[in-house]
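Report on the structure given below.
The values are calculated or read from the model by the stated rules, or taken from the named source; none is laboratory data. Since we're looking at a predicted model, the values are computed, not measured. No Cβ is skipped: glycine too gets one built from the backbone with ideal geometry, and neighbour counts run over all protein chains shown.
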Amino acid sequence: MARSLAWSRQFHKPSAADNPTLLIFPHAGSGASTYRTFSKKLSETFDVVVFQYPGRQDRAREEAAETLPELAHGALAEFSTSTFNRGGPITIFGHSMGAIVAFEFVRAAEAAGLDVRLLTVSAAVAPDCVEAQPNHPASDDAILDHLETLNGTGAAVLGSREIMKMALPVIKKDYRAFDSYSCAAGVKVNARIHTVGGDDDPFITIADLRGWSRHSDSGVDVTVFDGGHFYLNDNIDEIAELLTPVRSTTA
């Protein structure tokens, strides 16, 4: 049995010791290092931690999670007892599948007494809509076609057949975990939710982003950028500005 490695990755030290905590949940098939550039920019304002899911990169020998709540609970179990948890308010960002994992993390974190001030969910349908979505493709060729349509991970995966062979198994497992997820419309978190997406996303509409209003007791804001499903790659500075105002209420 493979030894389990830690969940938390910190690529950049915060610019100040009192920077508030920002937790990042990656999208399906990706690892923590995918968000290294994101981390560099946001570390100017936050103490940034990116979660590394099992089954990829330096955790490749571990079994990938079978459910999204399993990912959320694993991340919370480590974070809550780590030095990254300094007892202050937390800001959370999750992209695509990572948005649903982040939502489940917030549910569990709030139940455990942690203070989550803002959940920012990117390019994702609301939790109560996941079950009604068509299942992700299962064959290698169909998955690659899907990734090309997303115009993000697909470009990197298709660039090398060897990378493709390594990436597809974990992508398939992540897709199965996502497709098995369900959540009732009445399930809400106390944290305010900010939904973010691209205006040219082939899968996520503005109406999908607005649907997150059913899952917060503190209200929902919606921001739309130019771009597709991976709009964030071209809007890192703007997303940093979007998250930065939270610091004034958490410092």
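Give segment 56-94 a look and list any residue that's buried (at least 23 other Cβ atoms within 10 Å of the Cβ), closer than 20 Å to T45 by Cα and either in contact with a Phe, Trp or Tyr (Cβ under 8 Å, 6 or more places away or on another chain) or modelled with pLDDT under 95 (or both), or say none. Listed by number, the residues that qualify are T91, I92, F93, G94. Of all residues in segment 130-145, those being surrounded by 15 or more Cβ atoms within 10 Å (Cβ to Cβ) and modelled with pLDDT under 85 number 1. You will find that of F46, F51, F25, the residue that is over 14 Å from the mean Cα position of the chain (by Cα), more than 12 Å from V170 (Cα to Cα) and surrounded by 21 or more Cβ atoms within 10 Å (Cβ to Cβ) is F46 and no other.
With respect to (1) touching a Gly at 6+ places or on another chain (Cβ under 6 Å); (2) modelled with pLDDT under 90, the lone exception for L158 is condition (1). S218 fulfils the conditions (1) of a type in the set (G, A, S); (2) surrounded by fewer than 17 Cβ atoms within 10 Å (Cβ to Cβ); (3) at pLDDT below 90 except for a single criterion, (3). For segment 28-43, the candidate set comprises residues that are among the hydroxyl-bearing types (S, T, Y) and part of a loop (DSSP other than H, G, I, E, B); within that set, the residue that is surrounded by the most Cβ atoms within 10 Å (Cβ to Cβ) is S30.
For segment 230-242, the criterion of being part of a loop (DSSP other than H, G, I, E, B) and either at pLDDT 90 or above or surrounded by fewer than 20 Cβ atoms within 10 Å (Cβ to Cβ) (or both) is met by at least one residue. One residue alone among A75, A123, A142, A65 is without any contact (Cβ under 8 Å) to a residue 60 or more places away in the chain and small (G, A, S), and that residue is A142.
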